[in-house]
Amino acid sequence: MRSPGILVISHGSREPYWVEQVDQAVAKLHLPKDIPVVVSFLETVKGRLIQDGIDHLEALDVTDLLVIPMFMSSGSTHVDEISYALGVKDAPGKETDLKPFRRKARVHFGSPLDDGEDVARMVWDKVRPLSLDPAKEVILLVGHGSVHNSFLQRWEQGISSLARTVQSVSGIRTDYALLNPESVHDKAAYWNQERNHDVLVAPLFLSSGYFTSRVIPKRLEGLEYRYSGAPLLPHPLLTTWMDSQICELLQGMQKEQGQTVDRSSTRMS
């Protein structure tokens with residue numbers, strides 16, 4: 001009998017507030033009581049790293065790990081190295097210090113946030129208070145990005161798609177910029193100075209921290225813009241997004257289990 005457990009993985013932070021926001025979102029999941037859930041972090045959160053989470057779930061006799069990578073983009077190098085260390089892929093896309101984890105359970109790996117409608121609605125809810133005259137405004141999504149070409153392509157694919165969805169949801173023209181490689185200043189200057197739009201800056205980060213409070217404002221120095229610094233958390237739709245991910249992974253596990261049973265029946269007949 002297969003027994004699933006949920007392993008939510010996020011980056012982690014030394015700031016207790018950052019960790020609390022993730023924990024609170026996960027605590028609101030709508031799950032059967034017999035499915036255990038553990039929140040683990042890639043780094044900095046002592047006693048709650050990914051191996052700790054795996055060990056805890058396997059101690060509960062979990063046979064299948066349903067992994068939710070709570071990261072913004074498929075272009076994240078962290079998503080890549082975690083999937084490698086969990087055995088989802090044979091080799092990482094770039095060199096990593098992350099070693100393969102000890103595990104016995106099967107791994108079912110979900111997807112980062114990327115570009116879904118739930119994400120777009122979260123972004124719009126956070127930036128909506130800044131909007132005064134939609135016809136003269138542009139929402140500028142700001143993501144981390146990557147200096148590695150293959151990862152950058154995934155970042156751009158996801159954030160450009162998200163920009164289209166945010167525009168559809170909000171009714172406001174939407175563009176995007178990345179911190180790596182730097183395009184934030186030029187994009188904001190273009191919309192504000194050349195197109196005469198008010199720029200509403202929307203940071204694509206899970207929780208408040210160094211990038212939302214320091215890096216983004218630094219890149220925008222000397223420009224006119226509106227910015228609250230509000231990240232996605234807290235927001236109830238993040239829990240909704242996780243619920244949907246878990247449902248898909250459970251269905252995939254059950255389908256796989258059914259196929260295994262069918263093959264066994266065939267061999268016995």
Checklist outcome for this item: Log entry, pairs with first residue in the range 132-160 being closer than 11 Å to Asn180 by Cβ and touching a residue at least 24 places away in the same chain (Cβ under 8 Å), second being of a type in the set (Lys, Arg) and surrounded by fewer than 17 Cβ atoms within 10 Å (Cβ to Cβ), beta carbons closer than 8 Å, six or more apart or on different chains, reads His148/Lys94; Phe151/Lys94
Checklist entry - Would you call Ser150 open to solvent by 20 Å² or more (accessible area, probe 1.4 Å), more than 18 Å from Glu224 (Cα to Cα) and of a type in the set (S, T, N, Q)? => result yes
Next on the checklist: Just to be sure I understand the filter: pairs with C-beta atoms under 8 Å, separated by 6 or more residues or on different chains, first member in the range 191-206 and on the phi < 0 side of the Ramachandran plot, second member open to solvent by 10 Å² or more (accessible area, probe 1.4 Å) and acidic (Asp, Glu). Which pairs pass?
Outcome noted: Trp191/Asp175; Asn192/Asp198; Asn192/Glu224; Asp198/Asp133; Asp198/Glu224; Val199/Glu224
Checklist entry - Quick one: would you say Val166 is farther than 22 Å from Ser10 by Cα, part of a helix (DSSP H, G or I) and at pLDDT 95 or above? => result yes
Checklist entry - Within the range 19-58, which residues are open to solvent by less than 50 Å² (accessible area, probe 1.4 Å), closer than 17 Å to Leu86 by Cα and in a helix (DSSP H, G or I)? => result Ile50, Gln51, Gly53, Ile54, Leu57, Glu58
Item to check | Test: residue in the range 4-13 that is more than 22 Å from Met122 (Cβ to Cβ) and without any contact (Cβ under 8 Å) to a residue 24 or more places away in the chain | outcome: no
Checklist entry - Quick check, is Ala177 closer than 29 Å to Asp133 by Cβ, touching a Lys or Arg at 6+ places or on another chain (Cβ under 8 Å), in a loop (DSSP other than H, G, I, E, B) and not charged (D, E, K, R)? => result no
Checklist entry - In the range 214-232, what residues are surrounded by 13 or more Cβ atoms within 10 Å (Cβ to Cβ) and either hydroxyl-bearing (Ser, Thr, Tyr) or part of a helix (DSSP H, G or I) (or both)? => result Val215, Ile216, Pro217, Arg219, Tyr225, Tyr227, Ser228
Checklist outcome for this item: Within the range 93-128, the residues that are among the hydrophobic types (A, V, I, L, M, F, W, C), touching a helix residue (DSSP H, G or I) at 6+ places or on another chain (Cβ under 7 Å), open to solvent by 20 Å² or more (accessible area, probe 1.4 Å) and not in a loop (DSSP other than H, G, I, E, B) are Phe109, Trp124
Next on the checklist: Given the criteria outside any strand (DSSP E or B) and surrounded by 22 or more Cβ atoms within 10 Å (Cβ to Cβ), does Phe71 qualify?
Outcome noted: yes
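The values are calculated or read from the model by the stated rules, or taken from the named source; none is laboratory data. As the structure is a prediction and not an experimental result, all values here were calculated from the model. For neighbour counting, all protein chains shown are included, and Cβ atoms are generated from backbone atoms with ideal geometry for every residue, glycine included. Protein only, heavy atoms only, side chains kept; ligands, DNA and RNA dropped before computing areas. Shrake-Rupley method; radii C 1.70, N 1.55, O 1.52, S 1.80 Å.
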